[in-house]
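For reference, the structure discussed in these notes is given below.
Bear in mind these aren't lab numbers, they're just calculated from the coordinates by the rules spelled out. Values in this document were obtained by computation on a predicted structure and should not be read as measured data. In this analysis, Cβ positions are derived from the backbone assuming ideal geometry, glycine residues included, and neighbour counts consider all displayed protein chains.
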Amino acid sequence: MRILGIETSCDETAVCLIEAEGEFGPGFKYEILGNALRSQAKLHAEYGGVFPNLAKREHGKGLVPMLELALHGLTTASTSTAAQGVKALPKILEREPELLEQLVPFLERSGKPDIDAIAVTYGPGLEPALWVGVNFARALSLAWHVPIVAVNHLEGHIVMSMTDMQPRQHSNVLQNVRMSGGLADFEFPILALLISGGNTQLVLSKEPLRYEVVGRTRDDAAGEAFDKVARMMHLPYPGGPHISRLAEEARSEKQESEIKLPRPMLNEDNIDFSFSGLKTAVLRILAGSVPVSDTLKKRLAREFEEAVADVLVGKTLRAAERYGAGTVVTGGGVSANLYIRRRLADSLAEAGAKLLVCQPEFATDNAVMIALAGYFHAQKREYANPDILKATGNLRLGNANAS
């Protein structure tokens, strides 16, 4: 089964095509036939975060070029049948005129690709950005007469981290590289730690594609805290990689510090998170240390990263023990942080559990994770009704797929 994946939940415009076969288990296999991603990070840097209407505009400009890259060599010349749905597209894309302007010529010159379904993120995320991807999927579904699978973005991260992957050639893994893989070796129940700019959650899964959120942040998400602390230190957006770079420099230089930040809620008997107080503690230190030296930035970055890691690891270990999960998967942008990965892997190994995490390049938002999750729902014929499919910015994990 071939699945076209579309991801526009935030500031990555991504399209991919995968081919997959097998049930959810050891027999599952997949291959990435085409993959393209365009990041908007530099455009949003001047705002210190993602500006929703700018993200929406850039998705409208970028989706057709990413589709062409992902399908490179996989389409044929257009036929009258392939272009029959073009007349109805202006109504679907009335709020995305630039996307319509690019899509119509593409459909008129390109034949329908050999695909069985379109998987698209419909939430959670920035609603203006989500709508562009949803309407793009609706338009392609109409033009090509293929069904849509509405995918929860968070489920995409979980499924992606359950897979293993072997590149077929050396190149940029996010730009049209043939890669293949299957599912990693694990047993249910599993615990998922989702850590990104918008979400920090612990999710229990006792069987495939069924989820229960058992812990969540009560205020800021971990990635949001990284970005806000980076902004306080006048570091570029996105801030997480810059905080991590300074923290690693402090460790390599063996810079010890008298700075001690709190580990919010670490010793409370629950598995929820809180990072707002940690962010405020950093602000107080910076306010009392003007001007802020490079040495202080390094030491503070190290202490902040280690405080976040202590909380994430401590809560995850507690949840894994509470629910008897021998495997933890982690996904989301913060899961690309190598220090946090090492801490999680080492601590879980000591506790007799293991960590599943995808390659750092696929930990952040991408279309492959959406296509993979979409494949398993397409197998069960859990298709969305394109006439009523809506973007849902505050979608929760565990909600049924849109019908």
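Per-structure values
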| read-out | value |
| --- | --- |
| Solvent-free Debye scattering, log10 I(q)/I(0), computed from the Cα coordinates of the chain at q = 0.13 Å⁻¹ | -1.07 |
| Cβ-derived FRET efficiency at R0 22 Å, D272 paired with E350, nearest 0.05 | 0.40 |
| Segment D164-L338, length gained on full extension (0.36 nm per residue, minus Cα span) | 60.8 nm |
| Summed residue charge, Cβ within 14 Å of F24's Cβ, Lys/Arg positive, Asp/Glu negative | -3 |
| Helix axis angle, 240-252 relative to the chain longest principal axis, alpha carbon, degrees | 40 |
| Over the stretch 1-150, volume per residue of the alpha carbon convex hull, in Å³ | 111 |
| Packing-based ranking, highest mean first, of 3-13, 108-118 given that Cβ atoms within 10 Å are counted | 3-13, 108-118 |
| For the chain, calculated [θ]222 nm from helices alone, where every DSSP H run of n ≥ 4 adds -39500 (n - 2.57) | -13000 deg cm²/dmol |
| Average Cα contact separation per residue, the chain, under 8 Å, 6 or more apart, as relative contact order % | 23 |
| Fewest-first ranking of S347, S180, S289, using other Cβ atoms within 10 Å as the exposure measure | S289, S180, S347 |
| By average C-beta atoms within 10 angstrom, highest first, the peptides 201-208, 139-146 | 139-146, 201-208 |
| Across K298/K354; K228/K354; K29/K390; K206/K354; K42/K228, pairs whose alpha-carbon gap is larger than 23 Å | K298/K354; K228/K354; K29/K390 |
| The chain: angle of helix 153-162 to the longest principal axis, Cα-based, in degrees nearest 10 | 80 |
| Alpha-carbon centroids, the stretch 277-328 and the stretch 15-29: separation in whole Å | 37 |
| Radius, Kirkwood style, for the stretch 245-403 when every pair of distinct Cα atoms is counted (Å) | 18.7 |
| Volume per residue of the C-alpha convex hull in the stretch 190-325, rounded to whole Å³ | 112 |
| Pair N53, R284: separation of 7 Å Cα→Cβ label points (nm) | 3.8 |
| 5 Å-binned pair-distance histogram of the stretch 1-73 (Cα, whole percent) | 3, 17, 21, 17, 13, 12, 8, 5, 2, 0 |
| Cβ-derived FRET efficiency at R0 51 Å, R210 paired with T295, nearest 0.05 | 0.55 |
